Amino acid sequence: MDAKKIMKIFEDTAYVRMGGSDEELRAAKYLQSLCAEFGGEAQIVPFDVDMATIEQAEFYADGISVTCKGYLNAGSAEVEAPFYYLRATDKYSLSQCKGKIVMVDGYLGYWLYQDILESGAVGFVTYDGNANYVDRDIDQRELRSYVSKGNKIPGVNINAKDAIELIRRGVTTAKIVLKQDEYVGKSHNVVLDLPGEVPEYIALSAHFDSTSLSQGAYDNMSGSVGILGVAEYFANHPHKYGLRFIWCGSEERGLLGSKAYCAQEGILDKCVLNVNLDMIGCIMGKFIYCVTGEEKLCHYISYMGDELGFPITGRQDVYSSDSTPFADNGIPAVSFARIAPGNTATIHNSYDTPAVMSASQMEQDCAFITVFAKAMAQAKHCPVARKMPDNMKEKLDEYLARKRPKNM
């Protein structure tokens, strides 16, 4: 895949494609057509996802309307209560949440939501954006089902500039009005099989959905283009192990596409390794790997980088991407990424466009990934142990909220 083709794909997919949307399906069909260009017969595989349509979302602070977006799948309710900014999550601070609408910093993850719910909060406010940016963008967020577990209180998201103003003004009361239609919809994975000489296969994955403000060039049409390039190479080159390419939908909504894939009965019985790409090929930044599996694979990849003169650093850890469901099911996984400094390329906002991408860097990153995939796919025996180390099992339990992290 040459530079011109790479940039055309970025340009053709420069639109928002949230998981479960018509635009996500449009992108799935486009990826399917790109596979067909080199003779690949990719299948579009639907799976169920929670969906919602916001009918009304309003937020008032001391009676003054504040621009907001309501949390999808957070139910419908109208609540007015004292306003409280939760600056820390110590026992005393959490005790002040009772009967209040609580504003928190950052994302509302599983443990934070459980904490404010248990402490008696009646509503919540989050904020995003940057106080120093000229825009007043607000991301469309959702209360994920694994976070709420059916226990829903209404929530809204606002811009960081407004969040600062609430504290500056010393707001004491707040009101949330949230009405929405919640239903089950469809998201889609795109799956391409290139059979090998043996029934075992290597799964290569990348997500192709984006968040509500983002064109998702960096995060993660780049990874999708990456595994497309690997697929194009192996369509014309022999390989012992089978290769299955999975473009995952709804990753940004909680790894839903890869979870749906891995949940299929028997689907992983012959899978020996997952290679996941999430954010490569940007103009700036360093190339990294993250291995969720035996530590020996870290050394192998580092040596390969030295051998090829391709700078790469990494670690043994859990990566917040589609590699995680594979690892959680006992499949050793490695994610590759090129991580840019935050002031040169950002994600989950309107600044993630093709402008931050480099066709030549994409070619270099894809070349390294192809060499690694070739070493694994043509091995007499896949050298990576199909066993998850105990330290990775513990990290998976923490990441997937089955166990509370020690530092929380």
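The values are calculated or read from the model by the stated rules, or taken from the named source; none is laboratory data. The shown structure was predicted, so the numbers you read here are calculated from the model rather than taken from an experiment. No Cβ is skipped: glycine too gets one built from the backbone with ideal geometry, and neighbour counts run over all protein chains shown. Heavy atoms of the whole protein, side chains included, go into the accessibility calculation; ligands, DNA and RNA do not. Shrake-Rupley method; radii C 1.70, N 1.55, O 1.52, S 1.80 Å.
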**OP:** Find the centroid of the Cα atoms in segment 135-176 and in segment 184-260, then give the distance between the two in whole Å.
**Re:** 33 Å
Original post:
What FRET efficiency comes out for the pair Lys98/Ala263, r = Cβ-Cβ distance, R0 = 41 Å, nearest 0.05?
Top reply: 0.60
**OP:** Would you mind telling me the share, in percent, of accessible area of segment 1-128 contributed by carbon and sulfur at probe 1.4 angstrom?
**Re:** 50 percent
**OP:** May I ask you to give the solvent-accessible area per residue for segment 54-116, in square angstrom, as obtained with a 1.4 angstrom probe?
**Re:** 49 Å²
**OP:** Would you mind computing Rg(Cα) / (2.2 N^0.38 Å) for segment 359-408, counting N as its residues?
**Re:** 1.77
Original post:
Can you give the Rg to Rh ratio for segment 277-331, taking only C-alpha atoms and Rh from Kirkwood?
Top reply: 0.99
Subject >> Gyration tensor (Cα) of segment 1-93, equivalent ellipsoid semi-axes in angstrom >> reply: 43, 17, 15
Original post:
What's the FRET efficiency of Gln364 with Glu41 using the Cβ-Cβ distance as r and R₀ = 30 Å, to the nearest 0.05?
Top reply: 0.55
Original post:
In the Gaussian network model of the chain, springs joining C-alpha atoms below 10 Å, which of Leu192, Leu72, Leu166 carries the largest mean-square fluctuation?
Top reply: Leu166
Subject >> Partner aspartates and glutamates for Lys406 [C-alpha distance under 17 Å; skip if fewer than 8 residues away on the same chain] >> reply: Asp90, Asp115, Asp317, Asp390, Glu394, Asp397, Glu398
Subject >> Rough spin-label spacing in nm, given labels placed 7 Å along Cα→Cβ, for Ser145 and Arg404 >> reply: 2.6 nm
**OP:** Mind scanning Lys69/Lys395; Lys69/Lys186; Lys149/Lys393; Lys5/Lys186; Lys186/Lys240 and naming the pairs with a C-alpha gap bigger than 26 Å?
**Re:** Lys69/Lys395; Lys5/Lys186; Lys186/Lys240
Original post:
Hey, quick one: spin label on Val79, modelled 7 Å out along Cα-Cβ, who in segment 86-108 has an amide N within reach, i.e. under 12 Å?
Top reply: 97-103
**OP:** Give the Kirkwood hydrodynamic radius (Å, one decimal) of segment 177-308, defined as one over the mean of 1/r across all pairs of different Cα atoms.
**Re:** 16.6 Å
Subject >> segment 319-397: radius of gyration over Cα atoms, expressed as a fraction of 2.2 N^0.38 Å >> reply: 1.40
Original post:
Across all directions of projection, what mean area in square nanometres is found for the Cα convex hull of segment 121-163?
Top reply: 3.3 nm²
Subject >> Over 14 Å [Cα-Cα, segment 204-280], rounded percent >> reply: 63 percent
**OP:** Using only the alpha carbon atoms of the chain, find the Kirkwood hydrodynamic radius as the inverse mean reciprocal pair distance, in angstroms to one decimal.
**Re:** 22.3 Å
Original post:
Accessible area per residue of segment 307-395 at 1.4 Å probe, in Å²?
Top reply: 43 Å²
**OP:** Could you tell me which trypsin sites (Lys or Arg not before Pro) in segment 63-92 are loop residues by DSSP with no more than 15 other beta carbons within 10 angstrom of their beta carbon?
**Re:** Arg87
Subject >> GluC sites (Glu not before Pro) restricted to DSSP loop in segment 182-231 with at most 13 other C-beta within 10 Å >> reply: Glu197
**OP:** Mind giving me the FRET efficiency for Asp193 and Glu118? R0 is 41 Å, r the Cβ-Cβ distance, nearest 0.05 is fine.
**Re:** 0.35
**OP:** Identify which of Asp209, Asp139, Asp162 has the largest mean-square fluctuation in a Gaussian network model of the chain, with springs joining Cα atoms closer than 10 Å.
**Re:** Asp162
Original post:
For segment 75-202, what percent of Cα pairs sit more than 27 Å apart?
Top reply: 31 percent
**OP:** Pull out a ≥ b ≥ c, the square roots of the eigenvalues of the alpha-carbon gyration tensor of segment 306-354, then state rounded if a/c is under 1.5, prolate if not and a/b is larger than b/c, and oblate in the remaining case.
**Re:** oblate
**OP:** Divide by every residue of the chain the summed helix terms, -39500 (n - 2.57) for each DSSP H run of at least 4, and state the resulting mean residue ellipticity at 222 nm, rounded to the nearest 500 deg cm²/dmol.
**Re:** -9000 deg cm²/dmol
Original post:
Residues of segment 197-281: accessible area per residue at 1.4 Å, in Å²?
Top reply: 25 Å²
Subject >> Separation of the Ile283 and Tyr107 label points, Cα + 7 Å toward Cβ, nm >> reply: 2.7 nm
Original post:
Rounded if a/c is under 1.5, else prolate if a/b beats b/c, else oblate: with a ≥ b ≥ c from the C-alpha gyration tensor eigenvalues square-rooted, which is segment 118-193?
Top reply: oblate
**OP:** Just need the relative contact order of the chain here, percent rounded to a whole number, with Cα pairs under 8 Å and 6+ apart.
**Re:** 19 percent
Subject >> Check: the chain dipole with +1 on Lys, Arg Cβ and -1 on Asp, Glu Cβ, in debye >> reply: 800 debye
